[in-house]
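To start, the structure under review is shown below, and the notes come after it.
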Amino acid sequence: MVGQTDPDPFHPTPFIVWTDAASGKVCRADLAYNSPPTVTQVTDLITAGIDEPTGVALDLEHGWMFITDPGSGTIWRSNLDGSELTALVTGLSDPWGITFIAPEPASLALLAVGALAALRRRRGIVPE
């Protein structure tokens, strides 16, 4: 999973995140903008608490990471730095892959305008 932090909007730091199921780790590597990209720093984000991490998805806007763990049948959530590891979904039989999808703000605005127009039509405020 490739992401990009934005502590300084003029110098964003690209990074990759991966799981190591054998060691139970979730790791991160910061990348330099080279061709090809080079790793500038590797960090173990999560080293305990997850049995067998296999999939990872990032929510960069909210600073969250979601990790699948078939070893415990759990989907976990943590902060992007690996802190505050919390079980989000439990009792699964074998979760592996995961994808995070967030609607674009413009899509949400169009949805809200469309819902408002439909509601007004139902109430007879706007002719059809």
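A short reminder: the numbers here are calculations on the coordinates, not readings from a lab. Keep in mind it's a predicted model, so treat the numbers as computed, not measured. Glycine also receives a Cβ, built like all others from the backbone with ideal geometry; neighbour counts cover every protein chain displayed.
How much length, in nm to one decimal, is gained on full extension between residue 33 and residue 13, taken as 0.36 nm per residue of separation minus their Cα-Cα distance? All intermediate terms of the calculation are to be shown ahead of the outcome.
Values: separation 20, 0.36 × 20 = 7.20 nm, distance 0.87 nm.
Result for the pair: 6.3 nm of gain on full extension.
Among 19, 43, what is the fewest-to-most ranking by other Cβ atoms within 10 Å?
On the way: 19 22, 43 13.
Ascending number of Cβ neighbours within 10 Å: 43, 19.
Treat the count of other C-beta atoms within 10 Å as a stand-in for reagent exposure and order 67, 16 from fewest to most. Each step should come with its number before you reach the end.
Values: 67 26, 16 15.
So the residues, fewest neighbours to most, are 16, 67.
For the stretch 2-97, what class follows from the C-alpha gyration tensor (a ≥ b ≥ c being the square roots of its eigenvalues): rounded when a/c is under 1.5, otherwise prolate if a/b is larger than b/c, else oblate?
It is prolate, given that a/c is not under 1.5 and a/b is the larger ratio.
May I ask you to sort 44, 69 by Cβ crowding, counting other Cβ atoms within 10 Å and putting the fewest first? If you can, show how the numbers build up before the last one.
Working: 44 13, 69 24.
Taking fewest neighbouring Cβ atoms as first place, the list is 44, 69.
Please compute the length gained on full extension between residue 96 and residue 62, using 0.36 nm multiplied by the number of residues separating them and subtracting their Cα-Cα distance.
Numbers: separation 34, 0.36 × 34 = 12.24 nm, distance 2.27 nm.
Computed gain between residue 96 and residue 62 is 10.0 nm.
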